Amino acid sequence: MDTSRFTTSQRISCFTMNPDIFKPCTESGHVIPPPPATKPNRTKSEQIKPELAQVVTDSKTGKSYSKGKLLGKGGFARCYEMTDLANNKMYAVKVIPQSRVSKPHQRDKITNEIELHKTLHHKHVVKFSHHFEDQDNIYIFLELCSRKSLAHIWKARHTLTDPEVRYYLRQIISGLKYLHNRGILHRDLKLGNFFVNDNMELRLGDFGLAAKLETVEQRKKTICGTPNYLAPEVLNRQGHGMESDVWSLGCVIYTLMCGNPPFETLDLKETYKCIKEVKYNLPSTLSPAAQKLISGILQKNPSDRLTLDQILNHQFFTKAFTPDKLPPSSCVMVPELNPPSPAKRFFTKMAKNLFGKKKSKVEKNNCEERESISKLVSGIVKCSINRQMSYKTVGVDEAPSPTVCQQVSSGPLDTPAEEESGKSATSRSFKGTVASSTEPCEDGLTPAAVAESAMKVLNSCLSAMPAATRNPPCLSRPKSFIWVTKWVDYSNKYGFGYQLSDQNIGVLFNDGTHLSLCDQRKTVHYCLTNNKHFTFQASALPEQLCSQKQIVELMANYMEQNLMEGGDLHCEDQPPSQPPLLLQWVKTDHALVMLFNNGTLQVNFYTDHTKIILCKSSDAYLLTYISRERVSFTYLLSMLSEMGCSAELRHRMRYVVQLLQHHTDS
């Protein structure tokens, strides 16, 4: 009989009249007789455990619970999904057979687990509900985490991306800090003990091995935990401390990123030997920040390990994006994460300091004072910079004056990336372009011209290039050129900001105007269009450009404080001059393309942080490749054409040509 279609009242009535109705049935409807308790060839410890009844009842409260699917099993217990028949509330129930706690020390272990877990109340710790026992089992009712554990996600995915690891790690550390602050050691941190609920929130659970923190002399010397995650001091019977939990956390991070535990071998003794010697490999595929984080945690001496706070303040977290939430699909497939503008929090804080107590200077339609800081800032920016302005030609000492402003739509918003399958790599792009002009351009270059020229020389190089397995010798002392070392996309509000290798800062605003801070921020270059340039001393900047300058300074400060240099290619000191003007930036699913008015093309690839820079030096083209390790290699393009290059570099050059082809076609 299918009891799943019963209403709550029907289930209670049926159980009251005939408890056997909930026992497993054959297709003909007869109750399946219970299997024999033992088999002749089994020892007492190998006897078949009695089947858990379909409904269990708490004799003290009279509440009955219907057994659902098996969630997991361990050495002492099994965990089932159970439903309260009175209100349909669902739990994860840890079921421990009485036969497994027949000895006093076994009973004490379970009692201690229950008493400890009952006292824990934290967002990232599995919630304890209640417990009871009958003659067969002890039942511990816990919060149900419907998406099971990180072990299940890891099994389906094998490896997780850095943003996902950061997402889960923040929650793990939050829960672990709560335990440590209460003087509790978990002692069994592993993927299977990090549970995930329906909202993709992580909960730390299973306190079967948890213990109170003792002094070094009083610490228990018992070796307990999961072999692959044990710390050296535990194996050496020096006792468990907070640092031992941190070690296990390092093993968890490694496993999620690399696909297997750091010290895993085919032989347990060999695994223990590797742990004691801290002998493991860091794959080159890991980002430098991830490698530093893991090596900082997996230190033999506990006092040398990073603390939980130091982990959170590590560049692995501070220099990169952490999603606020993960989609449920990430349990089985790589999620398409769309980082918000990386400067959002920074600008919110800085905008509050700059504009928090001011009113908009220009109030459109006599609107009331903005209530929120973000709206106030937006109002100032819209009235100050998000417009198309018409300027008259001015003398050297004259400041341009804006006419009536015409509001234009804001720049491209960050939107989720499209799925890669069945779509071109350049199927969709967002871009910003410097304002055009009807007058002849003094530089003679437009975004289209730069793209066409780059595509032509790269195509020519690729078509003539012979097959090769490695790159030719790179130039030992290439002539210095300007390139983008850092960038920040805040185009959903202001524009696209970047830092050049000569430390000059530029922002291409959403309205097509461009403002640069040069010569250690003493000089301001303002470009109304791609052929109307103005230069001012920062101390004598026209009032109508001050708001734009403040936005540029915000982005400059953010990049300085939060972003790493994009490579080791440094710029030689050069006399102050007008900086190259960013004509256009284009973001696709896989790369960022930047086109400059000096003919330079730069392409930054998101996944591995590699970069390609094509620029002209005298009469020759130079191609610079910056590897995932941020090491730069500069080649004469003619040399690549004659001698060929590695598959890695050729693949990226071809991809750049595809991007440029898409650019010119559109």
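Points to keep in mind about this one:
- Here residue 470 passes the criteria (1) of a type outside the set (Gly, Ala, Ser); (2) in contact with a Phe, Trp or Tyr (Cβ under 6 Å, 6 or more places away or on another chain); (3) closer than 25 Å to residue 658 by Cα except the one numbered (2).
- Conditions (1) modelled with pLDDT of 95 or more; (2) of a type outside the set (A, V, I, L, M, F, W, C); (3) part of a helix (DSSP H, G or I); number of the one not met by residue 299: (3)
- Note on region 548-579: residues that are in a helix (DSSP H, G or I) and modelled with pLDDT under 90 total 6.
- Residues in region 513-540 that are surrounded by 22 or more Cβ atoms within 10 Å (Cβ to Cβ) and either part of a loop (DSSP other than H, G, I, E, B) or of a type in the set (Gly, Ala, Ser) (or both): 513, 516, 530.
- Inside region 637-651, residues that are assigned to a helix (DSSP H, G or I) and within 33 Å of the chain's Cα centre (by Cα) make up a count of 5.
- A single entry from 117, 105 fulfils the requirement of being of a type outside the set (A, V, I, L, M, F, W, C), farther than 17 Å from residue 205 by Cα and either modelled with pLDDT under 95 or not assigned by TED's automatic domain parsing to the domain that holds residue 206 (or both): 105.
- Candidate set from region 584-620 (those that are buried (at least 23 other Cβ atoms within 10 Å of the Cβ) and in a loop (DSSP other than H, G, I, E, B)); member that is nearest to the chain's Cα centre (by Cα): 588
- Residues being crowded, with 18+ Cβ neighbours inside 10 Å, out of contact with any strand residue (DSSP E or B) (no Cβ under 7 Å at 6 or more places or on another chain) and at pLDDT below 90 - total across region 306-346: 4
- Out of 226, 161, sole residue that is of a type in the set (Val, Ile, Thr) and under 22 Å from residue 270 (Cα atoms): 226
- The sole residue among 120, 185, 202, 142 that is in contact with a Gly (Cβ under 8 Å, 6 or more places away or on another chain) and farther than 16 Å from residue 249 by Cα is 142.
- As for region 181-189, it holds at least one residue that is charged (D, E, K, R) and in contact with a Leu (Cβ under 7 Å, 6 or more places away or on another chain).
- Filter pass, residue 648 being acidic (Asp, Glu), assigned by TED's automatic domain parsing to the domain that holds residue 486, at pLDDT 85 or above and more than 29 Å from residue 532 (Cβ to Cβ): yes
- Only a single item in (1) farther than 29 Å from residue 226 by Cβ; (2) at pLDDT 50 or above; (3) in contact with a Ser or Thr (Cβ under 7 Å, 6 or more places away or on another chain) is not met by residue 32, and it is number (2).
- Some residue of region 204-215 being over 26 Å from residue 106 (Cα atoms) and not in a loop (DSSP other than H, G, I, E, B): no
- Subset tally (residues that are surrounded by fewer than 17 Cβ atoms within 10 Å (Cβ to Cβ) and in contact with a Phe, Trp or Tyr (Cβ under 9 Å, 6 or more places away or on another chain)) for region 292-301: 1
- Residue in region 460-473 that is surrounded by the fewest Cβ atoms within 10 Å (Cβ to Cβ), counting only those that are within 27 Å of residue 596 (Cα to Cα) and more than 36 Å from the chain's Cα centre (by Cα): 463
- Close pairs (6 angstrom Cβ cut-off, 6 or more residues apart or separate chains): not assigned by TED's automatic domain parsing to the domain that holds residue 319 and among the hydrophobic types (A, V, I, L, M, F, W, C) in region 546-563, assigned to a helix (DSSP H, G or I) and crowded, with 16+ Cβ neighbours inside 10 Å anywhere: 554/347; 554/350
Results for (1) over 27 Å from residue 163 (Cα atoms); (2) surrounded by 21 or more Cβ atoms within 10 Å (Cβ to Cβ), shown as yes or no for each residue.
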| position | (1), (2) |
| --- | --- |
| 238 | yes, no |
| 250 | no, yes |
| 259 | no, no |
| 262 | no, yes |
| 266 | yes, no |
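- Close Cβ contacts (under 9 Å, 6 or more residues apart or on different chains) running from residues in region 163-191 that are touching a residue at least 24 places away in the same chain (Cβ under 8 Å) and in the same structural domain as residue 124 (by TED's automatic domain parsing) to residues that are surrounded by fewer than 22 Cβ atoms within 10 Å (Cβ to Cβ) and part of a helix (DSSP H, G or I) are absent.
- When residue 642 is tested against (1) crowded, with 22+ Cβ neighbours inside 10 Å; (2) of a type outside the set (A, V, I, L, M, F, W, C); (3) modelled with pLDDT of 90 or more, only condition (1) is not met.
- Of all the residues in region 474-491, those that are surrounded by 14 or more Cβ atoms within 10 Å (Cβ to Cβ), small (Gly, Ala, Ser) and over 36 Å from the mean Cα position of the chain (by Cα) number 0.
- Out of 130, 158, sole residue that is loosely packed, with under 15 Cβ neighbours inside 10 Å, modelled with pLDDT of 95 or more and of a type outside the set (Ser, Thr, Tyr): 130
- Count of region 250-276 residues which are without any contact (Cβ under 8 Å) to a residue 40 or more places away in the chain, more than 16 Å from residue 193 (Cα to Cα) and of a type outside the set (Val, Ile, Thr): 10
- Residue within region 80-91 that is in a loop (DSSP other than H, G, I, E, B), in contact with a Phe, Trp or Tyr (Cβ under 6 Å, 6 or more places away or on another chain) and closer than 26 Å to residue 198 by Cβ present: no
- Output for region 621-637, where each listed residue is surrounded by fewer than 16 Cβ atoms within 10 Å (Cβ to Cβ) and modelled with pLDDT of 90 or more: none
- If only residues of region 201-243 that are β-branched (Val, Ile, Thr) and within 21 Å of residue 299 (Cβ to Cβ) are counted, the one that is modelled with the highest pLDDT is 234.
The values are calculated or read from the model by the stated rules, or taken from the named source; none is laboratory data. Treat the numbers as computed from the prediction; the structure is a model and nothing was measured. Because the Cβ atoms are built from the backbone with ideal geometry, glycine has one as well, and the counts that use them run over all protein chains shown.
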